[in-house]
1. Return the pair list, or none, for Cβ contacts closer than 6 Å from residues in region B:179-190 that are free of Cβ contacts under 8 Å to residues at least 40 places away in the same chain to residues that are surrounded by 14 or more Cβ atoms within 10 Å (Cβ to Cβ), at least 6 apart or on different chains.
2. Among the strands (runs of 3 or more DSSP E) contained in region B:1-61, which hold 1 or more residues that are open to solvent by 10 Å² or more (accessible area, probe 1.4 Å)?
3. Just checking, how many residues over region A:94-116 are surrounded by fewer than 22 Cβ atoms within 10 Å (Cβ to Cβ) and small (Gly, Ala, Ser)?
4. Does A:Phe82 meet the test of being of a type in the set (A, V, I, L, M, F, W, C), open to solvent by 60 Å² or more (accessible area, probe 1.4 Å) and not in a loop (DSSP other than H, G, I, E, B)?
5. Quick check on my filter: what residues within region A:117-163 are within 11 Å of another protein chain (Cβ to nearest Cβ), buried (at least 21 other Cβ atoms within 10 Å of the Cβ) and either under 19 Å from the mean Cα position of the chain (by Cα) or not in a helix (DSSP H, G or I) (or both)?
6. Out of (1) within 15 Å of A:Gly28 (Cα to Cα); (2) in contact with a Lys or Arg (Cβ under 8 Å, 6 or more places away or on another chain), what's the single condition that is false for A:Val160?
7. For region B:69-122, which positions are part of a helix (DSSP H, G or I), at the interface with another protein chain (Cβ under 8 Å from one of its Cβ atoms) and surrounded by fewer than 18 Cβ atoms within 10 Å (Cβ to Cβ)?
8. Looking only at region A:164-190, which residues are open to solvent by 60 Å² or more (accessible area, probe 1.4 Å) and either assigned to a helix (DSSP H, G or I) or under 19 Å from A:Leu66 (Cβ atoms) (or both)?
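The values are calculated or read from the model by the stated rules, or taken from the named source; none is laboratory data. Because the structure is predicted, anything quoted here is derived from the model rather than measured. Cβ: placed from backbone, ideal geometry, glycine included. Neighbour counts: every protein chain shown. Ligands, DNA and RNA are stripped out before the accessible areas are found, and what is left, the full protein with its side chains, is counted by its heavy atoms. Shrake-Rupley method; radii C 1.70, N 1.55, O 1.52, S 1.80 Å.
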Amino acid sequence: MDFVQFLPPLLRGAGLTLVIVVAAGVLGSLIGIVLGTAKASPSWIARAISSIYVNFLRGVPILIILLFAYFALPLILPSLTFSRGFTAVMGLSVYAGAYIAEIVRGSIQAVPKGQSEAAEALGMHYFMRLRYVISPQAMKIAVPPGIGFLIALVKASSLVSVIGFVDLTRAGRIVTTINQQPLLTFLIVGALYFAISYPISLLGRWYERKLA
Amino acid sequence: MIITVEGLHKSFGKLEVLKGIDCEVAEGEVLCVIGPSGSGKSTFLRCLNFLESFKEGQVTIGGHNLTGAKTNLNAVRKDVGMVFQSFTLFPHMKVIDNIMLAPMKVGRVSRDDARARGMALLDKVGLTNKADVFPSTLSGGQMQRVAIARALAMEPTVMLFDEPTSALDPETVGDVLDVMKKLAQEGMTMVVVTHEMGFAREVADRVLFMDDGLIVEQGTPADIFDSPQQVRTQSFLKKVL
């Protein structure tokens, strides 16, 4: 059987994986930045709310989050029925948000205390300090773990195949049922995943150099 | 009196670090605080701009009552400049931007005015040629002088110095002390926690010796250095001079 005919569906799967990873990465980062900043703030309410979200979502497997979102939510409220793609992005974003929140919180707290004090001694209030002094320095600290997480997210995204979304993994499995060539197919699938992850690590290295 | 301190007590958890400080500083006066490590000198200084909070006692500085109900701490800090032992310049900003940041954002000064003020201050500390470099390229003494310029940019009425030369190489200590001397001559009210006894003797109007959370002795430099009355003062001076 000529293998070339199986490349388009695999590439389409790779494309969809890329789309959901980028979407979840962006949304997850927004959630994570808000919650991470809240968790590092002096307000105990902000810290408490953020902690509940982060601890809960980091304690549950991503697979359960996805299965719950797709199969259980519609049972709670019929209007909560979403497409596979939407559920996939939603589930991954919510999961990513929890991890990125911890990265953001850690980065903020890793900025030397003297920086915040010097800014405070100059009369800058909390949000001013955060914006002009702390965040620029925290961002630089957050890049290595952030990139590491994004790469992990690419791999975690393969789980969306269990709710039937045709990402790269599911595409690979469908193809093998047809061509009965798991070795070649999954080698290609693995190579495609690598092709998606590797540029992310290169991006990280470039960004770190730029901030230095 | 530009600074009055009454009955200041400060504890960190169960450890009482300041056990009742009473002090006054007149406008234009230079007060040097000396004493062994752990005596509470830095804590005392940091209470003066409420970087350390305190529950017992009263501090009035530059007309602000630090624990007053209506007091805005950010307003206090506009009037009280502070220079830290570890310089703490903002590493992601150029030297001139370090100096301009607070006047522009807190003082709402225009960018041009802030830059003019910043360059004038760099001239005062002798570093105009370093305006557009990043702090990481500077020596410790240069960084500290920039830190002084940064604090002065807010045009404070009082300047607090927390062991400004303790982290510097001996060669660069002199440059920083010269800047501080100049400031004192211009009539700035200064409270300086320091181990530089030579500076204290030469520049201070009054010297405070602190030990174990209390002011043990205070007086003019001549009083303290030449004829210390208390035993603890004498033994401390014997060790450092």
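1. Between residues of region B:179-190 that are free of Cβ contacts under 8 Å to residues at least 40 places away in the same chain and residues that are surrounded by 14 or more Cβ atoms within 10 Å (Cβ to Cβ), the close pairs are B:Lys181/B:Val203.
2. B:3-12, B:15-25, B:56-61
3. The qualifying residues number 4.
4. Judged against the criteria, A:Phe82 is not a match.
5. Within region A:117-163, A:Leu122, A:Gly123, A:Met124, A:Ala138 meet the criteria.
6. All conditions are met except number (1).
7. Residues satisfying the conditions are B:Asn74, B:Ala75.
8. A:Val166, A:Arg170, A:Arg173, A:Ile174, A:Thr177, A:Ile178, A:Pro182, A:Leu183, A:Leu184, A:Phe186, A:Leu187, listed by residue number.
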